[in-house]
Amino acid sequence: MTSSGPDSPESDRDRFLACLIRIETVSQKRDREIKRLHGLLYGASAAQHLYRAWQVLRGNPHYRRKPDAAHVDPSTVEGWHDLVIEGLRVKFHQAALADNRGTGRVARELFNQFKILAAASSGTPATDATPVHFFAAPHWGPATLPPRSCVVIHDTIPMVTPGYPEGQRAIFEHRCREVIGQADQLVTISQSSADNIVRQFKVPRGKLHVIPNGVTRLPVTPPSVPDLPACPYLVYVGGGDSHKNLSVLFEALRRPETAGIHLVMVGENGFLRLVAEAYEIADRVRFLGRQDDAVVGHVISRSLALVFPSLHEGFGLPPLEAALLGVPSICSRRPAMTELLADAAFFAEPDSPDEWAQHIHVITTSPPLRNAMAARAQSVAEKLQWSQTARAYADTFKSMSPP
């Protein structure tokens, strides 16, 4: 008779098999968690890492990855959208469309415009044997690019920002060098970004095209309205990474001439509450977190001005979106803001809280000057049409000789 007691060989085998199953289950859960945390933390500063981890531990649902299309990891997305634009076959790589940050927003605008061009070209047969392969960002896609590839490099912020996490900077640099070495054509979104790319990566000017983004007017009537200050307020839209330089803004709000002015923060920047407390202005700063376009437009449209103290930007979209809503901006005197807005914004040195405070005071006390600057900015922004951007891309594709 075979023993089946607690010390029998069968029991040992069962315990061993159960142990293997537990190890496999734990391993799978661990791998999923690593991917989740990588997606949650990628691109964040050390302070963001700590704040987001704290929110996850608290069970804050805003910081959980949800299994829906809005939270797809772009690095896992493969495949193409096939288009025919004026006889030219274009394969649009899908990965950037899954990004929920600014890169994805640009990619989706481009894709919609490319579809419009393709619809206008319906009935025109494709005449080229090899399609153009288009990548709306350098970060996602195959390690080996297909022939006749065009890639957008939006900026070189990881390369030019002091204190940027070294690991992320190295990954960015490696991928950009891969792309630059293989792509037939490169596109960037401002002349200042082009200058940085040429300087950092030694790219031949003839291989790099500057095509500015378009600007879309944000809706201003959300289904539900957030709780906003009853007194005059400034608005900031964006993350809290180090190159956003928000400390100069917090310091400016401590100056006597900005007394009574509040600040509304939109985006993934809630970890800066502790910084606002350290500056003793927490009672005048409201953090709304990430919001949809209608809420963002509503908040901007009711503000005194948008503030944009970045040290580096590839394009600087929020001031232009504010301009379309008739709201002026105070920006750092740095590219690409000075390139795109020139005389159409209030500019301050990024390390001078006194100058920031002076501009805030002027906007508050001089409505005619505020309105005049807003009108100038609106005139600039209205010229940045996505249809013209798509037309420039189509012309670039046509300039690419078949292999």
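Calculate one ³J(HN,Hα) per residue across the stretch 269-277 by plugging θ = phi - 60° into the Karplus curve 6.51 cos²θ - 1.76 cosθ + 1.60, and present them in order as whole Hz with x for glycine and proline.
Calculated HN-Hα couplings, in order: 9, x, 5, 7, 3, 5, 5, 4, 5 Hz.
Any of K91/K398; K91/K202; K115/K202; K115/K383; K115/K244 with alpha carbons more than 23 Å apart? Name them for me.
Long pairs (Cα-Cα over 23 Å): K91/K202; K115/K202; K115/K244.
Would you kindly calculate the mean projected area, averaged across all directions, of the convex hull enclosing the Cα atoms of the stretch 243-394, in square nanometres?
Projected over every direction and averaged, the Cα hull of the stretch 243-394 covers 9.0 nm².
Can you give me the % of accessible surface on the stretch 117-210 that is carbon or sulfur? Probe 1.4 Å, all protein chains present, nothing else counted.
56 percent
Before I look further, what does the stretch 315-398 give for accessible area per residue, probe 1.4 Å, in whole square angstrom?
I get 39 Å² per residue for the stretch 315-398.
Keeping all protein chains in the complex and leaving out DNA, RNA and ligands, what accessible area do you get for I281 with a 1.4 Å probe, in Å² to the nearest 10?
Around 0 Å² of this residue is reachable by solvent.
What order, most packed first, do the peptides 381-390, 229-238 have when packing is the mean number of other Cβ atoms within 10 Å of each residue?
Highest to lowest by the protection proxy: 229-238, 381-390.
How would you classify the stretch 285-359 from its alpha-carbon gyration tensor, with a ≥ b ≥ c the square roots of the eigenvalues: rounded for a/c under 1.5, else prolate if a/b is greater than b/c, otherwise oblate?
prolate
Specify whether the C-alpha gyration tensor of the stretch 333-403 places it in the rounded, prolate or oblate class, a ≥ b ≥ c being the square roots of the eigenvalues: rounded for a/c under 1.5, otherwise prolate if a/b is larger than b/c and oblate if not.
Oblate shape, in that a/c is at least 1.5 and b/c is the bigger or equal ratio.
At what distance in nm do the modelled label points of T365 and V220 sit from each other, each positioned 7 Å from its Cα along Cα→Cβ?
Roughly 2.7 nm, to one decimal.
Calculate what fraction, in whole %, of the accessible area of the stretch 245-398 sits on carbon and sulfur atoms when a 1.4 Å probe is rolled over the protein chains.
On the stretch 245-398, the fraction of accessible area on carbon and sulfur atoms equals 50 percent.
Testing the spin-label approximation: label points 7 Å from Cα along Cα→Cβ at E277 and S387. State their distance in nm.
A separation of 5.2 nm, rounded to one decimal place.
In a shell of Cβ-Cβ distance under 15 Å around V203, excluding V203 itself, what net charge do Lys and Arg (+1) and Asp and Glu (-1) give?
That sum, taken over residues with Cβ under 15 Å, equals +1.
Calculate, in nm to one decimal, what T338 and V160 gain on full extension: separation in residues at 0.36 nm each, minus their alpha carbon distance.
The span from T338 to V160 would gain 62.4 nm if fully extended.
Per residue, how much accessible area does the stretch 100-228 show when a 1.4 Å probe rolls over the protein heavy atoms, in square angstrom?
For the stretch 100-228, the per-residue accessible area is 44 Å².
Compute the distance from the alpha-carbon center of the stretch 82-155 to that of the stretch 235-287, in whole Å.
38 Å
Within the stretch 260-345, which GluC sites (Glu not before Pro) sit in a loop by DSSP and count at most 11 neighbouring Cβ atoms inside 10 Å?
E280
Hey, what's the per residue convex hull volume over the C-alpha atoms of the stretch 230-293, in cubic angstrom?
84 Å³
The values are calculated or read from the model by the stated rules, or taken from the named source; none is laboratory data. Everything numeric in this text was worked out from a predicted model, so none of it was measured. Note: ideal-geometry Cβ built from the backbone for every residue, glycine included; neighbour counts use all protein chains shown. When the accessible area is computed, the model is the full protein with side chains, heavy atoms only, and any ligands, DNA or RNA have been set aside. Shrake-Rupley method; radii C 1.70, N 1.55, O 1.52, S 1.80 Å.
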